[in-house]
Structures are given as C-alpha cells and as structure tokens.
1. Name every residue in the stretch 120-138 that is within 13 Å of the chain's Cα centre (by Cα) and part of a helix (DSSP H, G or I), in order of residue number.
2. Considering only the stretch 160-205, state which residues are in a loop (DSSP other than H, G, I, E, B), at pLDDT below 95 and surrounded by 12 or more Cβ atoms within 10 Å (Cβ to Cβ).
3. In the stretch 85-123, which residues are open to solvent by 40 Å² or more (accessible area, probe 1.4 Å), under 21 Å from residue 195 (Cβ atoms) and of a type in the set (Val, Ile, Thr)?
4. All but one of (1) within 22 Å of residue 87 (Cβ to Cβ); (2) open to solvent by 40 Å² or more (accessible area, probe 1.4 Å); (3) aliphatic (A, V, I, L, M) hold for residue 142; state the number of the condition that does not hold.
5. On the basis of being open to solvent by less than 60 Å² (accessible area, probe 1.4 Å) and at negative phi, does residue 126 make the cut?
Amino acid sequence: MARSTRTYRGVPAEQRRAERRTRLLDAALERFTTEGYHASRIERICTDAGVSTRNFYEEFPTKQALLLTLHDRINEAALDRVASALEQLTGEDVPSRIATLLDAFMGSVTADPRLPRLNYVEAVGVSPELERQHQEWVAKWAALIEDEAAHAASVGHAPVRDYRLISIALVGVVTGLLREWQAHDTLRPVEEITEAIRHVMVAAITAP
C-alpha cells in the first residue's frame with residue numbers, strides 16, 4: 001500500500017506524525033522526571049505536547065510504551081556516541097582509553113539531568129517488561145566493558161581472566177553514581193563523577 005502524501009498547510013502527513021511523536025516524547029520526559037512516572041497522566045502529557053488523546057494512541061499503545069521508548073532512546077544515543085569514540089581510539093594505555101570512552105558516555109547521558117533520572121530512577125521497577133529491557137541494556141554495556149578489558153589483557157596491560165562479572169559490577173557502579181548525581185538540587189560537576197568511575201574501572205580491570 002502506498003504511503004499517504006496528504007499535506008496540511010504544506011506539511012506532509014508523515015512529517016506531521018514524526019513531529020507529533022517527538023513532542024509526545026519530549027512532554028513525557030518532562031512529566032516523568034518532575035511528577036514521576038506513576039503520577040503522570042496521559043491527558044496532561046497530550047496537553048503539554050499539543051496533541052489529542054486519539055493522536056496519542058495512534059503513536060503509543062500505553063503510557064509504558066512512552067517510557068520504554070525514552071529508555072531505549074537514551075541508551076541508544078549513548079551507545080552510538082561511545083561506539084564513535086571507540087573507532088577513534090589508537091593508543092593502548094588503559095586509563096586513557098577508559099577516560100575517552102567515559103567522556104563520550106557521560107557527555108551523552110548527563111547532557112540533560114533528566115536523562116539519568118529517567119533511566120536510573122523512573123524506569124526502575126515499573127514492570128517486568130521494563131526490567132527485561134533494562135537487563136538487555138545492562139548486558140550490552142557490560143559486553144562493551146568486557147571487550148575493552150579483554151583488549152587490555154591482549155596487549156599485556158591487564159591480567160588475562162574472565163571479566164564478565166566484573167563488567168556487570170562496573171555497570172552497577174555507573175548506575176549508582178548517576179543516580180546519586182541526579183538526586184540533588186545542586187549537581188556536582190560531571191567531571192568528578194566521571195573521574196570516580198574511571199578510577200574504579202581502571203582499578204577493577206588492571207588489578208592483579
């Protein structure tokens with residue numbers, strides 16, 4: 001079936017729908033991180049986004065679908081940024097490599113203080129579906145750390161061992177510190193949080 005080419009005030013239907021979806025996601029991010037996910041009502045999100053509830057259900061079957069989409073989008077953006085940084089790495093020095101990758105990750109997830117709150121507070125414990133998605137992302141981030149640790153070991157800068165559990169633990173460290181960072185009205189400098197994570201990661205990977 002051919003896509004609709006109808007326009008309204010010169011804007012194609014597909015573009016209007018994409019813009020509407022973006023407004024809903026932006027409004028949901030604001031509501032979820034100020035009122036809290038459970039207290040946020042679809043009607044208020046629609047009002048903020050300037051769309052009808054009918055339009056809402058054309059885009060998302062449930063409020064939870066909004067949360068799932070936001071959670072995925074935040075992680076995907078961070079992973080893309082880290083992957084780009086990884087492609088540029090040429091040195092073998094463990095602290096420098098980890099610092100570069102952490103700067104990319106932290107630059108993405110702390111660009112807006114609402115992002116870590118959405119990811120590590122509001123999206124926690126909501127439902128089995130959210131928990132499954134969360135665990136999928138834990139596995140992806142742990143695999144990336146494990147690969148970096150294996151690389152360090154392959155060039156003699158870290159012991160040769162199984163880094164899987166260490167990598168999962170390091171994901172927990174990152175999550176915990178980001179939860180702590182966003183929990184205060186006056187935010188600590190991101191550089192302090194990044195340096196604390198870097199210190200723990202380097203120690204965990206290079207310890208005999």
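The values are calculated or read from the model by the stated rules, or taken from the named source; none is laboratory data. Treat the numbers as computed from the prediction; the structure is a model and nothing was measured. Virtual Cβ from ideal backbone geometry, glycine too; neighbours counted across all protein chains shown. The area values use the complete protein model at the heavy-atom level, side chains included, leaving out ligands, DNA and RNA. Shrake-Rupley method; radii C 1.70, N 1.55, O 1.52, S 1.80 Å.
1. Result: 120, 121, 122, 133, 134, 135, 136, 137, 138.
2. Here is the first cut: in the stretch 160-205, the residues in a loop (DSSP other than H, G, I, E, B) are 160-163, 183-189.
With the extra rule that they be at pLDDT below 95, the set shrinks to 183-189.
Scanning the stretch 160-205 gives 183, 187, 188.
3. Once the filter is applied, which keeps residues that are open to solvent by 40 Å² or more (accessible area, probe 1.4 Å), under 21 Å from residue 195 (Cβ atoms) and of a type in the set (Val, Ile, Thr), the stretch 85-123 yields only 100.
4. Going through the list (1) within 22 Å of residue 87 (Cβ to Cβ); (2) open to solvent by 40 Å² or more (accessible area, probe 1.4 Å); (3) aliphatic (A, V, I, L, M), residue 142 breaks only (2).
5. Working: open to solvent by less than 60 Å² (accessible area, probe 1.4 Å): yes; at negative phi: yes.
Yes.
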